[in-house]
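The values are calculated or read from the model by the stated rules, or taken from the named source; none is laboratory data. These figures come from a predicted structure and were not determined experimentally. Methodologically, a virtual Cβ is constructed for each residue, glycine included, from the backbone with ideal geometry; neighbour enumeration extends over all protein chains shown. Surface accessibility is based on the protein's heavy atoms, side chains included, excluding ligands, DNA and RNA. Shrake-Rupley method; radii C 1.70, N 1.55, O 1.52, S 1.80 Å.
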Amino acid sequence: MMGRFTCFIRQLPIKWKLMLGATTLIFLLFATYNFSQYLVLKQWMMNQEKDKIQVSMSQLQDYLNEKSNTLDAVLIAEVRPYIEKLIGKNQLVRIIGQNGEPLLTVSNHFDENWVAPRAVSEPELYDITPQEDHILIYRSPFKTEKFVGTLEFASNLETFDHFSQTLFWVMLIGGVLAVFISAISGLAIARQLMRPIRALAATIRSVKEKGLTERVNNIENGDELSSLAQLFNELMNQLEVSFRQQKQFVEDASHELRTPITILEGHLSLLNRWGKSDPEVLNESLQASLQETRRLKGIVEELLTLTRVETHLVTEISEPIPIEPVILETLKRFEALNPDFEFQVNTVKISNVLIAISALHMEQILLIVLDNAVKYTLQDKRISIEGLRLTNEVQITIEDHGIGIPQVELPYVFDRFYRVDKARNREIAGTGLGLSIAKQFVHKYQGEITIRSKENEGTKVIINLPINQIIN
Ligand code: ADP
C-alpha cells in the first residue's frame with residue numbers, strides 16, 4: 001500500500017510534486033498551529049468561567065456570613081433578591097441543607113432539573129455535559145453557628161460553547177481555505193518554474209525529430225533554469241557548426257580525392273587498351289599514374305595529420321624547449337634541399353626563450369610555411385626568417401619575395417583545400433591543406449598565425465607563440 005503510494009508520487013510531474021509538498025507542509029503547519037491555539041484559548045476561557053463562578057461564590061459567602069447569626073427560613077427569603085441580582089443569565093444558585101434538601105433555589109434561564117442538589121463536605125468544581133449542554137458546577141460547604149449546609153452554583157456554558165464552536169469553525173475554514181489557496185498558488189508557481197524546462201524538453205524532442213537547427217525560444221532571462229536553456233542553445237550552436245564543418249570537410253576531402261583517382265583511372269584504362277603494345281604510352285602513363293598516386297598519398301597523409309591535430313585539442317603539456325635551435329636545425333635541413341635559395345636568418349633576439357611546444361610540431365609548422373615560400377617564388381629567391389621578442393610572446397616572421405596572394409583571397413588561405421587561383425597553381429604541387437594544418441598546430445599551443453601579402457611582391461607569414469620561460 002505504502003509502496004504503491006510512493007510509486008504513484010514518484011511518477012507525478014514535478015509540478016504536482018512541488019504543489020503537493022507545499023500544500024502538505026502548509027496543512028500540517030496550519031493544523032498544529034490552529035489546533036493548539038484552539039485548545040489554549042478554550043482552556044483559557046474555561047479558567048475564566050471558573051474564576052467568575054468562584055468570585056460569585058465568595059461574594060455570596062461574604063454576604064451570608066454577615067447575616068449568619070440568623071440564617072433561617074426568614075432570612076433565606078430575604079437572601080433571594082440579593083442572589084437574583086448576583087447571578088447572570090444561564091445560572092443557578094442553591095442553598096442546600098445538611099441532608100441535601102434544597103432550601104432556596106434561584107435560577108435565571110436555567111432548568112433546575114439539569115443539576116440535582118447535593119450536600120458536600122469539601123468544595124468541588126467540575127463540568128458535565130448532559131446531552132447538548134455544558135454545565136459548570138461549583139459546590140462549597142457553608143457553615144455558621146446556626147447553619148450547616150452547602151452552597152451550589154451552576155452555570156450553563158452555552159455562550160462559551162457557542163463561542164468555542166465558532167472559533168473552531170473559523171479556524172477550520174480558515175485552515176482549509178489557506179491550504180486551498182496554497183495549493184493553487186503552489187501549482188501556479190510550479191507551473192511558472194517548469195515552463196523553461198518544458199520548453200527545453202520540447203526543443204530536445206524536436207531536435208530529435210527535425211534536426212540540429214531547433215532552439216529553445218522565448219527564454220526569459222533570469223534564473224538558473226533559463227540559463228540552462230541558454231546553455232542548451234549555445235551547445236546546439238556549437239554542435240551545429242562543428243557538424244556542418246565536419247560535413248563540409250568530408251565533402252571537400254572526397255572531392256579532392258576524386259580528381260587524382262579519376263586521372264589514375266584514365267591512365268590505367270589507356271594502358272589497358274594501348275599500353276601493352278606501345279612502349280611510349282606505357283612509359284608516359286606509368287609516370288603519370290605514379291605521380292597521381294604520390295599526390296593521393298600526400299593528400300591522405302595531410303588529412304591524417306589534420307584530423308590528428310584537431311582531435312587532440314586538449315594539449316598534452318609539452319616541456320618548455322629553447323626555440324632557436326629548433327628553427328636553426330629545421331632551416332639547415334631545408335636549405336640543403338633548396339640550394340638555389342638564399343636564406344637570411346636573424347634569431348638572436350629569441351635565443352634565450354623557452355616555449356612549451358613539441359619540437360616536432362614546431363618543425364612541421366616551419367616546414368609548411370617555408371615550403372610555401374619556396375613553392376610560390378619564381379624569381380627573387382631570397383627568404384628571410386626573423387625572431388622577435390614581444391611582451392609575453394615570440395614572433396617568428398618568414399618573408400619571401402614570390403608571387404604573393406591577392407588581397408581578396410587572403411582570408412581564405414587557411415581554409416582546408418583552399419588554393420589561390422587553381423589555374424595559377426596548376427603547375428605547383430599542393431593540396432591546400434598545408435596552412436590549415438599549420439594553423440591548427442599554432443592554435444593548439446595558444447598561438448596565432450597571420451599572413452600579409454601583396455601580389456607580385458611577396459608574402460609575410462607571422463607566427464606568434466606564448467613564451468613559457470626566459471633563461472639568462
Ligand atoms: P598548398 O598545398 O596549396 O600550398 P596551403 O594551405 O599551404 O596549400 O596554401 C594555401 C594557398 O595559399 C596556396 O594554394 C597558395 O595559393 C597560397 N599561398 C600560401 N603561401 C603562399 C606564399 N608564401 N606565397 C604565395 N601564395 C601562398
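Of all residues in the stretch 24-44, how many are crowded, with 16+ Cβ neighbours inside 10 Å and not β-branched (Val, Ile, Thr)? Let's see the steps before the verdict.
Initially, the stretch 24-44 is screened for residues crowded, with 16+ Cβ neighbours inside 10 Å, giving 26-27, 30, 34, 38, 42.
From the residues that got through so far, the ones that are not β-branched (Val, Ile, Thr) too are 27, 30, 34, 38, 42.
Number of matching residues: 5.
Yes/no matrix, rows are residues, columns are (1) within 48 Å of the chain's Cα centre (by Cα); (2) open to solvent by 40 Å² or more (accessible area, probe 1.4 Å); (3) outside the structural domain of Asp380 (by TED's automatic domain parsing):
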| site | (1), (2), (3) |
| --- | --- |
| Glu329 | no, yes, no |
| Gln344 | no, yes, no |
| Thr347 | no, no, no |
| Ala356 | yes, no, no |
| Ala359 | yes, yes, no |
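Just to be sure I understand, how many residues within the stretch 422-472 are at positive phi, in contact with a strand residue (DSSP E or B) (Cβ under 6 Å, 6 or more places away or on another chain) and either among the acidic types (Asp, Glu) or within 9 Å of the ligand (Cβ to nearest atom) (or both)?
Going through the stretch 422-472 one residue at a time, the tally reaches 1.
Quick check: is even one residue across the stretch 141-157 assigned by TED's automatic domain parsing to the domain that holds Ser56 and without any contact (Cβ under 8 Å) to a residue 24 or more places away in the chain? I'd like the intermediate steps shown before the answer.
Filtering the stretch 141-157 down to residues assigned by TED's automatic domain parsing to the domain that holds Ser56 leaves 141-157.
Then drop every residue that is not without any contact (Cβ under 8 Å) to a residue 24 or more places away in the chain, which leaves 141, 143.
Looking through the stretch 141-157, at least one residue is assigned by TED's automatic domain parsing to the domain that holds Ser56 and without any contact (Cβ under 8 Å) to a residue 24 or more places away in the chain.
Open to solvent by 90 Å² or more (accessible area, probe 1.4 Å) and under 57 Å from the mean Cα position of the chain (by Cα) - does that describe any residue in the stretch 262-276? Talk me through it step by step, then tell me what you get.
Within the stretch 262-276, the first condition is being open to solvent by 90 Å² or more (accessible area, probe 1.4 Å), and the residues that meet it are 265, 268, 272-274, 276.
Okay, now just the ones that are also under 57 Å from the mean Cα position of the chain (by Cα), so none.
No, there is no match, as no residue in the stretch 262-276 is open to solvent by 90 Å² or more (accessible area, probe 1.4 Å) and under 57 Å from the mean Cα position of the chain (by Cα).
Can you pull out the residues in the stretch 384-414 that are part of a loop (DSSP other than H, G, I, E, B), more than 8 Å from the ligand (Cβ to nearest atom) and either open to solvent by 30 Å² or more (accessible area, probe 1.4 Å) or within 19 Å of His361 (Cα to Cα) (or both)? First the steps, then the outcome.
The initial filter retains those residues of the stretch 384-414 that are part of a loop (DSSP other than H, G, I, E, B), namely 390-392, 401-406, 413-414.
Next, only the ones that are more than 8 Å from the ligand (Cβ to nearest atom) stay: 390-392, 401, 406.
If the condition is that a residue be part of a loop (DSSP other than H, G, I, E, B), more than 8 Å from the ligand (Cβ to nearest atom) and either open to solvent by 30 Å² or more (accessible area, probe 1.4 Å) or within 19 Å of His361 (Cα to Cα) (or both), then Leu390, Thr391, Asn392, His401 are the ones that fit.
Quick check on my filter: what residues within the stretch 415-434 are part of a helix (DSSP H, G or I) and open to solvent by 20 Å² or more (accessible area, probe 1.4 Å)? Write out each step before concluding.
Here is the first cut: in the stretch 415-434, the ones part of a helix (DSSP H, G or I) are 422-425, 434.
Within the stretch 415-434, Lys422, Ala423, Arg424 meet the criteria.
Looking at the stretch 278-286, is at least one residue in a helix (DSSP H, G or I) and surrounded by 16 or more Cβ atoms within 10 Å (Cβ to Cβ)? Step through it out loud before you land on a result.
First, pick out the residues of the stretch 278-286 that are in a helix (DSSP H, G or I): 279-286.
Checking the rest, the ones that are also surrounded by 16 or more Cβ atoms within 10 Å (Cβ to Cβ) come to 281, 285.
Checked against the condition, which is being in a helix (DSSP H, G or I) and surrounded by 16 or more Cβ atoms within 10 Å (Cβ to Cβ), the stretch 278-286 yields at least one hit.
Report yes if Leu378 is closer than 17 Å to Lys444 by Cα and open to solvent by 60 Å² or more (accessible area, probe 1.4 Å), otherwise no. Give the derivation first.
On the way: closer than 17 Å to Lys444 by Cα: no; open to solvent by 60 Å² or more (accessible area, probe 1.4 Å): yes.
Criteria not met by Leu378.
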